[in-house]
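Written below as structure tokens is the structure these notes are about.
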Amino acid sequence: MCYQYPLTLVSIITPSYNQASYLEQTILSAIEQDYSPLEYLIVDGGSEDGSLEIIRKYAGRLAWWVSEPDAGQAEAINKGLARARGEIVAWLNSDDLLLPGAVARAVSALESNPELGMVFGDAISIDARSQPLNRLAFNDWGLPEFMRFRIICQPAAFMRKATLDRAGYLDPSFHYLLDHHLWIRLARLAPVEHIPAALAAARQHPEAKNVSQAAGFGREALRILEWMENQPDLAPLVKRDRRRIEAGAQRLNARYLLDGGMPAPALRAYASALVRSPGFTLQHGHRILYALLSLAGGKSLAGLYYRLRSKRLSQ
């Protein structure tokens, strides 16, 4: 069944660079959504791995595409956002997927409440072969939680273009938490809402930034904290909630270090977070235990524990 909202055009942008292994599946997950009208744009950074052949295969179903060198992910997405005509916009990285019905659910939520600037859903983590790993479930988070570095899954987020235009596009100086920096800027302008349903699949593979460049996320979290301290409207909020915000930055750093296979640095970051806000940090107690087991040499036991802990796909 195709949901028809003739006055609400949705634009989805995919930044692409040398990910031919996943690109076709990404494209199909967008253009086969049961929603209309939808325009799909691809901004390729000059791929040389067969990606262009895949893009050309679907060119007739694209609103626009280009392949040319760029300065990275943020510039590519911004280029697509500048071309987007939709009242609702999102971006889908070339290794991630939209789940069936995702766009229709997002439009329904935004149409139901004109005050909302963004909605975000849950997601499923998948591996390089598209096999499910675990469910990424979130809550009704807004500006306070984003400032505490509560992370949502970017491909499951949909923005109202008018709010995005007020907030400004992605900051190209960020390479890891560019999306989270934007969520804070959006949430300071308009309410956001959580959709309690899986809207996207986020792929985990060795070349993904959260694995191959894990340390960069913590550095950018500290940059965002410094930025917030220099924003007149956010600085008083930081002052009132400093311990949890600082703990959140360290907790996020630890999470990505652990994902990157660095349990010792992760535990040091968790220790720093515990000093600032024990209760808030211990919400990651299962991750701390996993790091301890990994550091003790029990990688098989740690992996078994984490797989059991993550079995939430049926929820």
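Nothing in this text is a laboratory measurement; each read-out follows from the coordinates by a stated rule. Please read these numbers as outputs of a predicted model, since none were measured by experiment. Ideal geometry is used to build each Cβ from the backbone, glycine not excepted, and the neighbour counts take in all protein chains shown.
Assign one of three labels to region 1-92, namely rounded, prolate or oblate, based on the Cα gyration tensor with a ≥ b ≥ c the square roots of its eigenvalues; rounded applies when a/c is under 1.5, prolate when it is not and a/b is larger than b/c, and oblate otherwise.
Verdict is oblate for region 1-92.
Going by amide H atoms built from the backbone, whose H comes under 5 Å of the H on Gly101, apart from near neighbours?
For Gly101, whose amide H was placed from the backbone, the distant partners under 5 Å are Asp34.
Considering only the chain, what is the antiparallel percent among its DSSP beta bridges, to the nearest 5?
30
Shape of region 3-209 from its Cα gyration tensor (a ≥ b ≥ c, root eigenvalues): rounded if a/c is under 1.5, otherwise prolate when a/b > b/c, or oblate?
rounded
For Cα pairs less than 8 Å apart in space and 6+ apart in sequence, what is the mean separation divided by the residue count of the chain, i.e. the relative contact order in percent?
Contact order relative to length: 16 percent.
Could you please rank Met228, Met147, placing first whichever residue has the fewest other Cβ atoms within 10 Å of its Cβ?
The fewest-first ordering by Cβ neighbours comes to Met228, Met147.
Using 7 Å Cα-to-Cβ label points, what is the Leu289/Ser130 separation (nm, one decimal)?
Between Leu289 and Ser130, the simple spin-label model gives 3.4 nm.
Label points 7 Å out from Cα along the Cβ direction at Val275 and Ile31: separation in nm?
Going from the Val275 label point to the Ile31 one covers 5.4 nm.
Calculate the length of the line joining the C-alpha centroid of region 95-110 to that of region 1-66, in whole Å.
That distance is 14 Å.
May I ask you to derive the FRET efficiency for Ser173 and Glu68 from their Cβ-Cβ distance with R0 = 30 Å, giving the value to the nearest 0.05?
0.90
To make sure I understand, if each residue's beta carbon is the centre and we count other beta carbons within 10 Å, what order do Trp65, Trp91 fall in, fewest to most?
Trp65, Trp91
Relative to the present Cα-Cα distance, how much length would full extension add between Asp241 and Leu7 at 0.36 nm per residue of separation?
Here the answer is 80.1 nm.
Can you tell which of Pro100, Pro232, Pro132 shows the greatest fluctuation in a Gaussian network model of the chain with Cα springs below 10 Å?
The residue that fluctuates most here is Pro232.
Which of the GluC sites (Glu not before Pro) found in region 7-43 are loop residues per DSSP with 11 or fewer other Cβ atoms within 10 Å of their Cβ?
Glu32
Separation of region 234-287 and region 113-183 by C-alpha centroid, Å?
Region 234-287 and region 113-183 have Cα centres spaced 19 Å from each other.
How much length would be gained if the chain were fully extended between Arg219 and Ser21, taking 0.36 nm per residue of separation minus their Cα-Cα distance, in nm to one decimal?
68.3 nm
Excluding Arg83 itself, what net charge comes from residues whose Cβ is under 14 Å from its Cβ, given Lys and Arg +1 and Asp and Glu -1?
-3
Return the aspartates and glutamates within reach of Lys57: Cα separation strictly under 20 angstrom, same-chain partners fewer than 8 residues apart disregarded; answer none if there are no such residues.
The qualifying aspartates and glutamates are Glu24, Glu32, Glu39, Asp44, Glu48, Asp49, Glu68, Asp95, Asp96.
Taking the Cβ of Leu234 as the center, what net charge do the other residues with Cβ under 10 Å away carry, scoring Lys and Arg +1 and Asp and Glu -1?
Counting the neighbours of Leu234, the net charge comes to +1.
Give me the extension gain from Asn139 to Ser112: residue separation times 0.36 nm, minus the current Cα-Cα distance, reported in nm with one decimal.
Extending this stretch completely gives an extra 7.8 nm.
Taking H placed 1.01 Å from N in the peptide plane, check which residues at least 5 places from Ile124 or on another chain put their amide H under 5 Å from its amide H.
Answer set, sorted by chain and number: Leu136, Ala200, Ala201, Ala202.
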